Protein chains: 4
Amino acid sequence: MTIGIGIIGAGIMGADQARTLATHVGGTKLIAVSDPDEARASNVARANEAARHYTDGFALIEDAAVEAVIVASPDDTHARMVLACLRAGKPVLCEKPLAPTVAECLELIAAEQRSGRHMIQVGFMRRFDPAYAAMHETLSSGRLGRPLLMHCAHRNAKAPAFFTPEMSIANAAVHEFDIVRWLMGLEAVAVTAIRSARKGEGTLRDPILLLLELENGVLVDIEIFMNAAYGYDIRAELVCENGTVELGRPAPNLVRHAGEEARTFPSDWRGRFNDAYRLQLQAWIGSLRGKPQNGAGALDGYIATLIAQAALRSLASGAREEIAPDASIAASAA
Amino acid sequence: MTIGIGIIGAGIMGADQARTLATHVGGTKLIAVSDPDEARASNVARANEAARHYTDGFALIEDAAVEAVIVASPDDTHARMVLACLRAGKPVLCEKPLAPTVAECLELIAAEQRSGRHMIQVGFMRRFDPAYAAMHETLSSGRLGRPLLMHCAHRNAKAPAFFTPEMSIANAAVHEFDIVRWLMGLEAVAVTAIRSARKGEGTLRDPILLLLELENGVLVDIEIFMNAAYGYDIRAELVCENGTVELGRPAPNLVRHAGEEARTFPSDWRGRFNDAYRLQLQAWIGSLRGKPQNGAGALDGYIATLIAQAALRSLASGAREEIAPDASIAASAA
Amino acid sequence: MTIGIGIIGAGIMGADQARTLATHVGGTKLIAVSDPDEARASNVARANEAARHYTDGFALIEDAAVEAVIVASPDDTHARMVLACLRAGKPVLCEKPLAPTVAECLELIAAEQRSGRHMIQVGFMRRFDPAYAAMHETLSSGRLGRPLLMHCAHRNAKAPAFFTPEMSIANAAVHEFDIVRWLMGLEAVAVTAIRSARKGEGTLRDPILLLLELENGVLVDIEIFMNAAYGYDIRAELVCENGTVELGRPAPNLVRHAGEEARTFPSDWRGRFNDAYRLQLQAWIGSLRGKPQNGAGALDGYIATLIAQAALRSLASGAREEIAPDASIAASAA
Amino acid sequence: MTIGIGIIGAGIMGADQARTLATHVGGTKLIAVSDPDEARASNVARANEAARHYTDGFALIEDAAVEAVIVASPDDTHARMVLACLRAGKPVLCEKPLAPTVAECLELIAAEQRSGRHMIQVGFMRRFDPAYAAMHETLSSGRLGRPLLMHCAHRNAKAPAFFTPEMSIANAAVHEFDIVRWLMGLEAVAVTAIRSARKGEGTLRDPILLLLELENGVLVDIEIFMNAAYGYDIRAELVCENGTVELGRPAPNLVRHAGEEARTFPSDWRGRFNDAYRLQLQAWIGSLRGKPQNGAGALDGYIATLIAQAALRSLASGAREEIAPDASIAASAA
């Protein structure tokens, strides 16, 4: 039983997903790739032995050999592509964010509920990262007691020129928003965005410090720094009653040279989270073949967007902003 | 030329200072020790070959052979002891805090100014810690650019039963207040104390997160956790424009046993800052013998108390509290 | 184009390979599994969706749908299985050792040469380990200059009861023999096995220190310790003219608890080399689909066995033993 | 009770000892410094407030105010200076080696025995290094079981132009010879010096690998590399029955910059062993004031020279050389 997959979007993320699927995941086959840029679609399809390519994502969804879909198109197209997948009855793995607006996210949740099946996975791949998974396991063991406080940092070497402070929250910090909920099983209740001294010449000047308040009074401080210069570095330490657990500092080698012992940083997220992307895809394919689904769902996608919206309001207002899920969600959660 | 020293207070700190002075510092001699508890004074004096002991600190200050004084008596006695030293014309190294109230600190600054000489050093020993000193040097080199943000954590294994949240600020966080000013050469303008989920049964339930705002918009977040359980652990990372510098993780050995590679934490501050206390004493004795004075002065002691008072107000109010030095200080600084 | 694979041997290694192939590698399909123990063969086949199982490896090789073969049967069957694959014209990935005797290895090299094609890959999976690969890249960059000396340690938590000193060389140290040749591109000329104080109650008492001499005078010391107790730990530091490069110490997390900061060791090789096995399989499948072959070949398998034989002689004699490849090999290398 | 000290030799080591004694050790006073180069003697004396200087070491020993002597003159003068101290009844701390020849060492042991008192300490300062001391403590706790094997490396950034292979053993490796005996409480029985590929243009081309055999079959491999280029780096890992203990990697800070996280190495031994030298001096002064003597004695100095001589023979012969203490020593030890 081999699952046929279609990928919508042949940009950096789509091309990466196509290659990972074709090379590093068993039990599946890439059927088709779509992109408005036909050459791009065609290249990614051919490089990964997909039979067909499309310039229209909806046409790909209708392809009978495509049994499930990966959405890696621009953020503002996510909702309509996912909706089309639901209508076609095809499970979908959607890159984060599920959708940029909470209204769209709610619409997708409702549509999935109407389908009566679990159909949507959101690409919060950190849940599959071995280091975060080990942190989750340590916390779950109870050995360290309850979580009290958490420190996070999300650093990129250099933001693209078009990056805005809003994007650093909606596209970068959103990963932290999801992972801290998943690690602790606690919902976020408020967020405050605090400006520090910052660097940068363009539209994005940072770092920004986010203070995320979870249930039970657990605080999470998150440094978001898209211009950290030295490399891509993701940090997290969870402070519990009896001890702390921190992400290790992965490095294949130590090099001693010219008075220093050094380990290197990856230049971007791929060097750090390649394995998480691969394991996410493999688990998703597994879930399509009957194994339990253990990735982020539509509700998680909605909540991540909800927190991001509150953080953006706080960035504008300078004040603490509460995070209030829609009444329909709160009711279904109760 | 051997400098004769008297120590006021024969508690833990005073006894440590006496032993360090007698054993690990050259060019000096312990002359006398005072403590209201005569046995304690006598024991510490004898153990370190001091000729005399007193039950009255003022009497020790008057001892003609005592050329300079270390004040390690209870916090609320600091001001009057230091004042007596100034009157006697004897330089003094006063354990932090210089005094618990800003009024007393201002009085001591005024008294020292009247003396026309540099007479007061405050025991902010971290300035002499090799790791903080290396961080200072790295920052000063300019290689990392301007500082933007700083993350600190101050963790003790277990707070004494009598410890209060107020003491965790006035006695513990005060070290961070001083060291961040010293590292960056920037003054603090406001502070917010934020409660997180916390543990502990007694009067002190923590951790507390402090958000200290410095000039130029530099933010410092400080976790104060007196009940961290696992050990004594001081952390600091300074985030700059081009990179970051973090305190190393000192450990004499790595032990591999039972599935783990482990380094140990000291159980309290002595295992971490013994060298800083020793180097502080040695530098102070050096300054009495003519070398430049490079420790914290009365003004630094005043500002540390001023920040602590603001943090305590914030702890009570839940609001951001501004830090406003007395007009006389602002004027003299201008 | 999906490559059909058969696996001979359904023990620990065979079952691991089957699962990795079916789940973590694209472009391939597990067709059949063989094992003299039919239940074992059947279980591994079913668990990984292979269509058929055999009790006879030769029958599996003859299966028309099997396009390439993984040999994971007992060491002393390797040669005849690989030979049957060559006769059937099917590429083969053979677990190390290629064969326990140099005579068998030479026979396989000759048979492959007669076939006129590259047919044999030997499962020295460390060549695909990201840490060793990074070390290779650092060395190749020339930044550290020529290699001069290398320190290795190969530690297992606990040897199985049936393990002998000979097995610790032929099955464990053999990985070091291959990887040091691959890293430096230098051949081994002599080896000395040195007994140290040792522990253990059974047939295997160790550690053993091996001194491997490479061309150009490069020395490699290798500690082989199958009873190291604390965990599975593989170490290597390459000392070069301008600096050194050492395998990093991978650990997903740091846990601070009870006075210690600890990282954990895997209990056996799977926790350390899972990725290497996966990447080896993926690269082998890639080579079957036309990409360059970059694993160890039959010649490498022969040389590893040759060094192991010399080390075993040295273990018995206590003397330095030279490593002299067969004249036919030396001639073809010239 | 302040002990008056004289220092013979005002070169690098003597000047360092003088400064450490005057500044960082209590209960003592530097009385006099001698050096054939009068300006050098005078400068070191004045800089450290010593009352007098001499051009003749013997005259210094005769100075009535000098109660104990530090010998930091050239190696070949050690024996006669120490002998003069013994004759004058003055305890002596002699820089390693105690003497370059075993005959001289034996003469000093005999002279000390005749004096009926413990008079000689040899400057094997590593016994006072906190990291080696912690390793000793871990081993003594019994938690790791018996020692089986030990790996050491002694790396200097760059050997002085006049350095010879012989000096790298007699002046550098001699520290390892002493510390492994001290750590494990086991005597050395044989040593083999093995040449590897090496670098360097001058008289010293290295690294050299030493294989030291201790009682009970414990092996110690020691890399001696005076031209390691990248920095001063001392490594040691003790492999025991239940686990291993390794010297930590001290570094005040971690700096993240330009794609790397780095810690720095000291450029020479002073950055690494300053504390050990200080603590050695402090303990020696303590022993003169009645505390137990816990440094290396004349017998340790003799044995270090004995091992060094055997290693030098092995370097010349290429063979394993036995280490046989003089019959008089073996008898007294029995």
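Some observations on this one:
- Residue in the stretch D:249-262 that is in contact with a strand residue (DSSP E or B) (Cβ under 7 Å, 6 or more places away or on another chain) and assigned by TED's automatic domain parsing to the domain that holds D:T20 present: no
- Candidate set from the stretch A:229-273 (those that are among the β-branched types (V, I, T) and touching a residue at least 40 places away in the same chain (Cβ under 8 Å)); member that is farthest from B:N156 (Cα to Cα): A:I234
- Leading residue by the ranking (nearest to the other protein chains (Cβ to nearest Cβ)) among those in the stretch A:1-19 that are part of a loop (DSSP other than H, G, I, E, B) and surrounded by 24 or more Cβ atoms within 10 Å (Cβ to Cβ): A:A10
- Apart from one condition, D:A319 fits all of (1) surrounded by 22 or more Cβ atoms within 10 Å (Cβ to Cβ); (2) of a type in the set (A, V, I, L, M); (3) in contact (Cβ under 8 Å) with a residue 24 or more places away in the chain; the exception is (1).
- Whichever residue in the stretch D:220-246 is surrounded by fewer than 22 Cβ atoms within 10 Å (Cβ to Cβ) and touching a Pro at 6+ places or on another chain (Cβ under 9 Å) and, among such residues, is farthest from D:F177 (Cα to Cα): D:E241
- Residue within the stretch B:311-326 that is at pLDDT 95 or above, in contact with a Phe, Trp or Tyr (Cβ under 9 Å, 6 or more places away or on another chain) and not hydroxyl-bearing (S, T, Y) present: yes
- Residue match in the stretch B:274-287 (condition: acidic (D, E), surrounded by 20 or more Cβ atoms within 10 Å (Cβ to Cβ) and in contact (Cβ under 8 Å) with a residue 60 or more places away in the chain): no
- Qualifying residues in the stretch C:25-39 (those that are within 14 Å of another protein chain (Cβ to nearest Cβ) and in contact with a helix residue (DSSP H, G or I) (Cβ under 7 Å, 6 or more places away or on another chain)) - the one farthest from C:I285 (Cα to Cα): C:L30
- When residues of the stretch B:266-297 are limited to those that are more than 11 Å from every other protein chain (Cβ to nearest Cβ) and among the hydrophobic types (A, V, I, L, M, F, W, C), the one nearest to the chain's Cα centre (by Cα): B:A296
- The residue that is nearest to the other protein chains (Cβ to nearest Cβ), counting only those in the stretch B:145-164 that are surrounded by fewer than 22 Cβ atoms within 10 Å (Cβ to Cβ) and under 26 Å from A:E241 (Cβ atoms), is B:A157.
- Yes/no for D:R270 being surrounded by fewer than 22 Cβ atoms within 10 Å (Cβ to Cβ), modelled with pLDDT of 95 or more and of a type in the set (K, R): no
- Hey, B:A197 buried (at least 19 other Cβ atoms within 10 Å of the Cβ), at pLDDT below 95 and in the same structural domain as B:G185 (by TED's automatic domain parsing) or not: yes
- Output for the stretch A:133-144, where each listed residue is out of contact with any Pro (no Cβ under 8 Å at 6 or more places or on another chain), more than 7 Å from chain C (Cβ to nearest Cβ) and under 11 Å from A:L238 (Cα atoms): A:H136
- Residues located in the stretch D:157-194, provided they are outside any loop (DSSP other than H, G, I, E, B) and free of Cβ contacts under 8 Å to residues at least 40 places away in the same chain: D:M167, D:I194
- Residues in the stretch D:195-221 that are more than 17 Å from C:L214 (Cβ to Cβ), of a type in the set (S, T, N, Q) and outside any loop (DSSP other than H, G, I, E, B): D:N216 alone.
- Filtered residues of the stretch C:312-328 (kept if in contact with a Lys or Arg (Cβ under 9 Å, 6 or more places away or on another chain) and assigned to a strand (DSSP E or B)): C:E321
- The set of residues in the stretch B:118-128 that are under 18 Å from the mean Cα position of the chain (by Cα) and either within 24 Å of B:G290 (Cβ to Cβ) or free of Cβ contacts under 8 Å to residues at least 40 places away in the same chain (or both) comprises B:M119, B:I120, B:Q121, B:V122, B:G123, B:F124, B:M125, B:R127, B:F128.
- Number of the exception - D:G202 against (1) out of contact with any Asp or Glu (no Cβ under 9 Å at 6 or more places or on another chain); (2) surrounded by 24 or more Cβ atoms within 10 Å (Cβ to Cβ); (3) away from chain B (no Cβ under 14 Å); (4) of a type outside the set (D, E, K, R): (2)
Residues are listed down the side, and each one gets a yes or a no for (1) in contact with a His (Cβ under 6 Å, 6 or more places away or on another chain); (2) in the same structural domain as B:I179 (by TED's automatic domain parsing); (3) modelled with pLDDT under 95:
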{"site": "B:A99", "(1), (2), (3)": "yes, no, no"}
{"site": "B:C105", "(1), (2), (3)": "no, no, no"}
{"site": "B:L108", "(1), (2), (3)": "no, no, no"}
{"site": "B:E112", "(1), (2), (3)": "no, no, no"}
{"site": "B:P130", "(1), (2), (3)": "no, yes, no"}
{"site": "B:A134", "(1), (2), (3)": "no, yes, no"}
{"site": "B:E137", "(1), (2), (3)": "no, yes, no"}
{"site": "B:R143", "(1), (2), (3)": "no, yes, no"}
{"site": "B:R146", "(1), (2), (3)": "no, yes, no"}
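- Residue match in the stretch B:39-56 (condition: under 22 Å from the mean Cα position of the chain (by Cα) and farther than 12 Å from D:G26 by Cβ): no
- Positions within the stretch A:227-254 being assigned to a strand (DSSP E or B), within 8 Å of chain C (Cβ to nearest Cβ) and closer than 17 Å to B:I234 by Cα, in sequence order: A:G243, A:T244, A:V245, A:E246
The values are calculated or read from the model by the stated rules, or taken from the named source; none is laboratory data. All of these numbers come straight from a predicted model, not from anything done at the bench. FYI the Cβ positions are ideal-geometry reconstructions off the backbone, even for glycines, and counts take in every protein chain you see.
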